[in-house]
Amino acid sequence: MNRRDFLYLSSAFSLSGYHISKNREEKNAHLLREEVPWLEEVQQCDAPQEQVIHLPSVLKDELCNDITSLEEWQNQRQIIRQRWLDFLGPLEPNPNLPKLTVLEEDKPPGVVRQLVEYEGEPGMKVRGYLIMPRHIKKPRPGVLTLHTTTDDTILQPAGVKGEPEKAFGLKLAQMGFVTFSPENFLWQDKGDRSWEEQSQRFLKRYPGSTGMAKMLFDASRGVDLLESLPFVDKNRLGAIGHSLGGKEVLYLAAFDKRIKATVSSEGGVGIDFSNWDDSWYLGQQIHNFGHKHHEVLALAAPNPFLLIGGDSADGERSCPYIQEVMKVYSLYGDPKRLGLLNHHQGHSVPPIAELRAYQWLLNYL
């Protein structure tokens, strides 16, 4: 681990109630559950007038009556959830617990890193990296770390190859989490096929479904895997992803309530902010659906959700989404653990974004 990475880790531990010892084994007995000190800062969200988007209120029922209570929202939440699940389309569940086959193992500083294989869809094998602290005295929080659009796939979050600032799985494991990084279906058994061909292979198996339904299934299957491990605290599960991974964790936080804290970086919360209409995501039919992603984000409430942007896929224009969904978080009372961090540095993970992401997960898991 280089000096810069160590300083990031040290800062994240320090600001989140941890102490890093030289042997990395002497950690505090528990996580602080206080708010991150910059929560109010990421909730000061005002888009320029030219970027203000009108979003229909999620706090209106099917008859356009105002929703003013948590009970009324819970009823409306079920309607919104089912509406989006119907749009995403069907996928055969896998009721079997994932059984891991360890293919490779190595030991970077402080952790054990395993390349594993397991069953995703029934009869279909998926690879991923499971990384855990070398010494676990009691169950640790688990985090699903999803890779970006890169041919490095799972090598990236596992810290084997690629940009070090995106090695979320490795660095979080070195902070005491158990992390799992599954391979996105666009690269599974890919060969010479394009992403379009990969998505069409799936859609032939499940006509009427969407690529995002497959990504949500695979991500939830990754959560199944984390939850099945005896050294993971199943009540403290989170997710983080950048770009492609940022899209995936938005949906995972919305539809899998086992996820208790989320960081979504530069996925593009607005449907027109990014390539959501590609066949491997939502397809062209999303433009005729008549609903927007603030509904999906609202389904994550009241669990902590940090949106990170750099004025590329996300940024100032994402503010209306945060503002609208904040009204839903308010129904649950304080604290409202929702915010937008805009680092203004494009489609990247600069040091401030990486540090804030770690602090978010350290504090809220």
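Among the residues of the stretch 188-227, which ones are modelled with pLDDT under 95, within 30 Å of Val111 (Cβ to Cβ) and not charged (D, E, K, R)?
Gln188, the sole residue that qualifies.
Out of all the residues in the stretch 152-196, which are touching a helix residue (DSSP H, G or I) at 6+ places or on another chain (Cβ under 6 Å) and among the hydroxyl-bearing types (Ser, Thr, Tyr)?
Thr179, Ser181
Residue by residue through the stretch 332-347, note down the ones that are touching a residue at least 60 places away in the same chain (Cβ under 8 Å) and under 18 Å from the mean Cα position of the chain (by Cα).
Arg337, Leu338, Gly339, Leu340, Leu341, His347
Taking the residues in the stretch 84-106 that are part of a loop (DSSP other than H, G, I, E, B) and in contact with a Ser or Thr (Cβ under 8 Å, 6 or more places away or on another chain) as candidates, determine which candidate is nearest to Gly290 (Cα to Cα).
Gly89
Looking only at the stretch 263-284, count how many residues are touching a residue at least 12 places away in the same chain (Cβ under 8 Å) and farther than 15 Å from Met215 by Cβ.
7
Considering the stretch 71-86 alone, what residues qualify as being surrounded by 18 or more Cβ atoms within 10 Å (Cβ to Cβ) and either within 24 Å of Arg205 (Cβ to Cβ) or among the hydroxyl-bearing types (Ser, Thr, Tyr) (or both)?
Passing the criteria: only Trp84.
When the residues of the stretch 278-303 are narrowed to those that are of a type outside the set (A, V, I, L, M, F, W, C) and more than 17 Å from Leu216 (Cβ to Cβ), which ends up surrounded by the fewest Cβ atoms within 10 Å (Cβ to Cβ)?
Per the stated criteria, the residue is Asn288.
Taking the stretch 346-360, which residues are assigned to a loop (DSSP other than H, G, I, E, B), buried (at least 16 other Cβ atoms within 10 Å of the Cβ) and not hydrophobic (A, V, I, L, M, F, W, C)?
His347, Ser348
Ser194: free of Cβ contacts under 8 Å to residues at least 60 places away in the same chain, surrounded by fewer than 21 Cβ atoms within 10 Å (Cβ to Cβ), more than 24 Å from Trp84 (Cβ to Cβ) and not basic (Lys, Arg), yes or no?
So Ser194 fits the description; yes.
Yes/no matrix, rows are residues, columns are (1) buried (at least 18 other Cβ atoms within 10 Å of the Cβ); (2) farther than 18 Å from Val178 by Cβ:
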site: Ile67; (1), (2): yes, yes
site: Arg127; (1), (2): yes, no
site: Lys137; (1), (2): no, no
site: Val143; (1), (2): yes, no
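The values are calculated or read from the model by the stated rules, or taken from the named source; none is laboratory data. Quick caveat, the model's predicted, so the values are computed rather than measured. Cβ coordinates were reconstructed from backbone atoms using ideal geometry, including for glycine residues, and neighbour counts include every protein chain displayed.
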